[in-house]
């Protein structure tokens, strides 16, 4: 009994040490991702939005989305982004303070969903836009777990389901990568353009009228940065609009550092395999020697 | 072009430079032309072109055919008196054949038709009012011994432009309602292959007709048409899109019964059967009858009189499907609700989980008992 | 090293009353599965966009594979630490593992929405996202299922060499048995490498949830904790399965061996608990264990279930008492299961207003899969030489 427990203790210590070493060593530097030079994005200015929902209708039209019917079949009434809705306007109201907020994919610079997807169905493709490839996706929904903004939505009501989210109108007929929402906005509350230009524009707006805005551009650094940037009204913090408090660390950083630390070049598993094989072989030799004894 | 003007009209308007004195007439005429241009959506400078052409006597010929119709479209046109557009049109064009307005009849009328066709071949505007029966070779409508079918094919063959005014001429109208015993058909279907501008409506909105006619008269061109031949400037949107009661629809304020409080307050008539969402027309913007009247404005749901799939097919007071739904006048919350904890499911989970754990703990005793040994 | 006790088929009829009950549960599961595939996931489950993973992942896959680590845990003892005394436990443990992992794999096919592309995961290596912990889990699990059945194949081949329902099985078994035996060392080594990789990565997977995973479970050491707890669970499964099998199939009860195994489990469990709390203290998250409302409650239940076996098995008498062995193993499994449920489901908060509780069809599909697993275990154990310690004839 004592022998067994001692041996067990030794073995566990060994395994534990190996894994711990793996975990600790892994937290090495991971390259910081930046937006590609031709990155496209959007800038949404909540101080200009009047909540007309023209962008919601335009997105549905441009992307041939099905209607999210209310029970009376009168309206298209999504209560959140979902398998039928890639873009939505929500209302924040607290006493006298009112703000609209447009929600759709943030097209992160270092996306959690892209880091999650086993087979690269979600990737940053042309212009840094995060797009979904139905030829690869197996519908495992890990992307839904990984996205801090809860953006990828699943078609739960279909036998052949897709993952649904804004793809910056990449397939828009005659006007690819020309988002319908920006085209139709009557007050230019959401505008489209080169990411670098939009970031500059956002900074300029903050500098020109600091009393109008919350002193932050959401997406500049959050979660590693996003290609869709947000400006909020003064007095309406981004948390109130439903944005998580992410800090600057890219979403997939921790998990990937650990994975790479242990599996870099597949060295650790290969070495471990050889060690295991050697130990088993040595024990077997010992066993047959024992069995050979009378 | 020195063509004889043919049979005089019922209505005669003092001419420019006539008995009442030139200057005042000319100013009034120009003003009226300008108003007319505005009301049919043409730029103001076309008024000058018209005035000049009229002075020179350059007027395009119009041949107006009547078939299976109630003459409502003509009457609707003649009710445009503010401005005096109807009179204006009669000054700006040469109405060379029109059974409603002609003083003459019989052989004289038919001769006028023949003469107009000969002299303006390839240039005249052929207006068709009323449907064309096609059953049994079209015997259900005959004028001067000829079937409507023959007449329309003949006149249309030499026309410069073809305009079908009213639902009947556009797609068959009331005569084509089930069981359509005469085989009433719209002009576009009879004149297959030809470009026929259709101005559906029952009656058609006269300004839609005037816009097309005046454009052709002035520029020799037709406005952009959709796949049914309807000018897009008038029929490009559905009533629902431009309805003044739309905010009531979006906010869910509906008339539930004729005469109720909502009806008095002018709420949306969708639940009373308004076909606005399915009807292409501009009635809410370009009203009728010179008093800005239109059906929804006076509290009755739109019956879809421009649409072949609606009028005479759908009951007036049954609701129509919304084919292009838009969000209502409410907003989703920042944090939407998803999922719920079902009572039955919780019960099942509790029962099964509890049973398994309980059974497991109890089973320990049973399992621990040594099996019967041979020893 | 003691002599190998020979493994023999249990024999006896398959269609017993309990088996028929299992068949009924499985039947219901099959009908519900048909509905799931025809109508989609929304119709049969309570999953939503916030809680995209439910019990089919948290239980059938994550806990199911953990429960299927009996083979892994015993293999460490027998093949690495050279404790041949545990050898009779290997085959039944590998069978449980093979069935457990196969059922987990089946559950994955049921759970994913676009299952028709699943074959592309192992085949299209040029499309692999090597950054994804889940890819590694998927590939390792697929490989491990194959390894487990290969490790188990001698049990089938031993019987089919002598008598087989089809002549081809007999000839294949005769030809392949020596080959497999020769390759066994490579197969067993893989069977030790693969679970080490994917059971720890199952922990890493949830790190991508970021702020959505509660501080009490959200640690960079989660892969280590998952690995160590799964080894402890593996021993618990063997104790449980060994006790149940010897009772139901009237075999000699290996109380002493299971007692020693319980002792090993205590060591591993202690290591797990030490690391668990050290991690909480080091991250400054221990306070959260008292101030997090329901999360605190679930944390302490999980901890209690993991501590109970230590207390129960502290004394040698306790370890040798079959009732205590059984109950301690049960608590260990419940504790390990709750740790996984907490990491994947209960400690996962996608945002305000979003909730999840499995629907009845969702639960019954799981029951059906478990019933199938048990039925297959019974059939294989009764017809093939898996269990040792057959009652001796007079």
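Rule-based calculations on the coordinates, nothing more; no lab input. Small disclaimer: the values here were computed from a predicted structure and weren't measured. All Cβ positions, glycine included, derive from the backbone under ideal geometry; neighbour counts span all protein chains shown.
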- Message: Given a 10 angstrom Cα cut-off, can you work out which residue in C:121, C:365, C:180 is the most mobile in a GNM of chain C?
- Response: C:121
- In whole Å, what three semi-axes, largest first, describe the equivalent ellipsoid of the protein assembly as shown built from its Cα gyration tensor (square root of 5 times each eigenvalue)? 82, 32, 25
- Relative contact order for chain C using alpha-carbon pairs under 8 Å, separation at least 6, rounded to a whole percent? 32 percent
- Percent of Cα-Cα distances greater than 35 Å, calculated over chain B: 41 percent
- Query: For the residue pair residue B:177 and residue A:211, what label-to-label distance in nm results when each label sits 7 Å from Cα along the Cα-to-beta-carbon direction?
  - Reply: 6.6 nm
- Take every residue in peptide C:201-214, count the Cβ atoms of other chains within 10 Å of its Cβ, and give the average of those counts. 6
- Taking Cα centroids, how far is the stretch B:181-229 from the stretch C:298-329 in Å? 89 Å
- Query: Given Cα pairs under 8 Å that are at least 6 residues apart, what percent is the relative contact order of chain A?
  - Reply: 25 percent
- For residue A:279 and residue C:14, what is the calculated FRET efficiency with R₀ set at 30 Å and r taken between the beta-carbons, to the nearest 0.05? 0.15
- Message: Between residue C:290 and residue A:98, how high is the FRET efficiency from 1/(1 + (r/R0)^6) when r is the Cβ-Cβ distance and R₀ = 41 Å? Nearest 0.05.
- Response: 0.60
- Most mobile of B:163, B:316, B:125 per a Gaussian network model of chain B (Cα springs, under 10 Å)? B:316
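If you build the convex hull over the alpha carbons only and average its shadow over all orientations, what do you get for chain A? Give it in nm² to one decimal.
Computing the convex hull of the Cα atoms and averaging its projections yields 24.2 nm².
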- For the pair residue B:44 and residue B:103, the simple spin-label estimate (label points 7 Å beyond Cα toward Cβ) gives in nm 3.9 nm
- Message: If you average the alpha carbon positions of the stretch C:203-282 and of the stretch A:78-121, how far apart do those two centres end up, in angstrom?
- Response: 39 Å
- Rounded Å value of the spacing that divides the Cα centres of the stretch C:112-173 and the stretch B:272-346: 58 Å
- Give the order of A:92, C:72 when sorted by the count of other beta carbons within 10 angstrom, beginning with the fewest. A:92, C:72
- Using 1/(1 + (r/R0)^6) with R0 = 22 angstrom and r between the beta carbons of residue C:37 and residue B:337, what's the FRET efficiency to the nearest 0.05? 0.20
- In degrees, nearest ten, helix C:294-312 long axis to first principal axis of chain C (Cα): 30 degrees
- Relative frequency of Cα-Cα separations exceeding 21 Å in the stretch B:22-234, percent: 52 percent
- Express in nm, to one decimal, how much length is gained between residue B:261 and residue B:221 on full extension, taking 0.36 nm for each residue of separation and deducting their alpha carbon distance. 9.5 nm
- Item | chain B: angle of helix B:46-56 to the longest principal axis, Cα-based, in degrees nearest 10 | 20 degrees
- Using alpha-carbon coordinates, inclination of helix B:148-157 to the longest axis of chain B, degrees: 80 degrees
- Message: Could you sort the peptides B:359-366, B:73-80, C:264-271 by per-residue average Cβ neighbour count (10 Å cutoff), highest mean leading?
- Response: C:264-271, B:73-80, B:359-366
- Message: Using Cβ counts within 10 Å as a stand-in for footprinting exposure, how do B:307, A:155 rank, fewest first?
- Response: A:155, B:307
- Query: What value, in deg cm²/dmol to 500, does the helix sum -39500 (n - 2.57) over DSSP H runs of n ≥ 4 give at 222 nm once divided by the residues of chain C?
  - Reply: -22000 deg cm²/dmol
- With the calculation restricted to Cα positions, what are the radius of gyration and Dmax of the stretch C:7-388 in angstrom? 21.0, 66
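Could you tell me whether the stretch B:237-328 comes out rounded, prolate or oblate from its Cα gyration tensor? Rule is a ≥ b ≥ c as square roots of the eigenvalues, rounded for a/c under 1.5, then prolate if a/b exceeds b/c, otherwise oblate.
On the way: a/c = 1.28, a/b = 1.09, b/c = 1.17.
It comes out rounded by the Cα gyration axes.
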- Among C:95, C:345, C:376, determine the one that fluctuates most according to a GNM of chain C built with springs between C-alpha atoms less than 10 Å apart. C:376
- Task: In nm, give the distance between the simple-model label positions of residue C:256 and residue B:189, each being 7 Å from the Cα along the Cα-to-Cβ direction.
- Result: 9.9 nm
